[in-house]
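Notes follow the structure.
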Amino acid sequence: MTVDLNLSLFNYEAGGLQPDGTYTFTPLAHAFLDGPHPDLLMLCEAKLWNTRGKRPLHTAMTHLADITGRPYVGELHTGALPTAVIYDPRVLRLDAAEEPEFPDKRNLTRFSLRADPTYRLHVYTEHWPYADPEQRLARARLLATTGTSPTPTLIAGDLNSTSSGPHLPTPDWTHIPTSTRDHKAHHHNGQWHADTRAIDRLIGTWNTPTNQRTNSAGYHHLAELDPHTPTPLPPTTNGPHGLHIDYILANDALLDTATVVPGTYTVHIPADDPTTWPSDHRRISCTLRIHPTHTTREQ
């Protein structure tokens with residue numbers, strides 16, 4: 001038996017919050033007019049959704065259900081700018097929600113497959129700090145402990161940093177304002193370079209002579225596992241200085257039981273004026289083909 005699990009990752013700018021305090025979700029639905037419709041959507045920037053009685057979450061799911069015909073349900077994590085998961089309950093069953101008291105359980109949802117309840121899937125939906133590379137590195141160090149977990153695990157989100165490697169877009173850092181340049185870059189040997197430490201802590205540093213990564217914590221960038229992914233990878237943000245900062249990572253245990261369906265890793269580039277797009281980020285989609293050949297156990 002195999003199960004195709006359609007994933008989507010999207011940073012919906014400010015969670016649709018408008019200057020007058022209202023929310024708009026039509027642009028969110030617009031981002032999902034094109035398939036594949038996700039079995040699991042990992043969403044960033046659910047701004048103030050908790051303080052509004054989670055009404056924005058349920059309104060977002062209603063809009064998405066109208067577009068896709070899927071009976072979505074979801075979980076909202078903690079914080080003023082939290083992440084959320086929206087999923088099809090016919091495909092995934094929620095086993096446990098976030099435990100915010102414990103740092104390694106924040107932003108974590110634990111699922112099992114409806115088609116095979118013995119198959120467990122842990123999902124961290126992350127939104128790392130925009131301006132502090134040290135905080136990003138600290139979070140990566142904590143999550144790195146799950147890279148060798150026997151439970152299939154995903155880390156997905158706006159990680160606000162990029163990884164090393166020749167296949168990633170690199171801006172001209174001298175064109176980035178000095179007030180924000182060190183948010184995602186560092187100065188070394190008289191030049192500015194992308195600060196890749198946080199992502200590399202999880203997936204490993206790119207080794208040019210061997211053309212592969214070394215010292216991985218057990219995680220892998222799904223874009224690098226799809227042979228049809230373009231090189232260089234498209235930016236995941238809109239604008240003149242686009243970076244590839246939105247990632248879907250899988251640990252070894254997940255890749256022992258699943259493969260990326262070739263040609264499915266997609267950065268959805270707006271066909272129209274990016275200024276009319278519903279977010280400053282682009283949607284990412286990918287399909288995992290899961291082969292639940294053995295029971296996975298919870299940690």
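Rank-order 93-105, 213-225 by packing density, defined as the average count of other C-beta atoms within 10 Å over each peptide's residues, highest first.
Result, highest mean first: 213-225, 93-105.
With charges only on Cβ, +1 for K and R and -1 for D and E, what is the dipole size of the chain about its Cα centre, in debye, rounded to 20?
Approximately 440 debye in magnitude.
Which of the listed residues, Ala144, Pro103, Leu113, is farthest toward the dipole's positive end in the stretch 87-158, when Lys, Arg count +1 and Asp, Glu count -1 at the beta-carbon?
Comparing the listed Cα positions along the dipole, Leu113 ranks first.
Can you tell which of Gly239, Gly74, Gly21 shows the greatest fluctuation in a Gaussian network model of the chain with Cα springs below 10 Å?
Comparing Gly239, Gly74, Gly21 in a Gaussian network model of the chain, the most mobile one is Gly21.
Can you give the % of DSSP beta bridges in the chain that are antiparallel, to the nearest 5? Don't skip to the answer; put the middle values down first.
Numbers: 46 of 57 bridges.
Around 80 percent antiparallel, to the nearest 5.
Sorted by accessible area (1.4 Å probe), largest first, how do Met61, Met1 line up?
Largest accessible area first, the residues go Met1, Met61.
Is the stretch 1-48 rounded, prolate or oblate when judged by the Cα gyration tensor, a ≥ b ≥ c being the square roots of its eigenvalues, rounded requiring a/c under 1.5 and prolate requiring a/b larger than b/c?
prolate
Report the dimensions of the stretch 27-153 along its three principal axes from the alpha-carbon atoms, largest first, rounded to Å.
40, 37, 27
Summing -39500 (n - 2.57) over the DSSP H runs of n ≥ 4 in the chain and dividing by its residue number, what mean residue ellipticity at 222 nm do you reach, to the nearest 500 deg cm²/dmol? Walk me through the intermediate numbers first.
Working: 5 runs with 43 residues, N = 299.
My calculation for the chain gives -4000 deg cm²/dmol from helical runs alone.
Going toward the positive end of the dipole of the chain, with +1 on Lys and Arg Cβ and -1 on Asp and Glu Cβ, which of Ile199, Pro71, Thr26 do you reach last?
Result: Pro71.
The values are calculated or read from the model by the stated rules, or taken from the named source; none is laboratory data. These figures come from a predicted structure and were not determined experimentally. Reconstructed Cβ throughout: ideal geometry from the backbone, glycine too, with neighbour counts over all protein chains shown. What goes into the accessible areas is simple: the full protein's heavy atoms, side chains included, and nothing from ligands, DNA or RNA. Shrake-Rupley method; radii C 1.70, N 1.55, O 1.52, S 1.80 Å.
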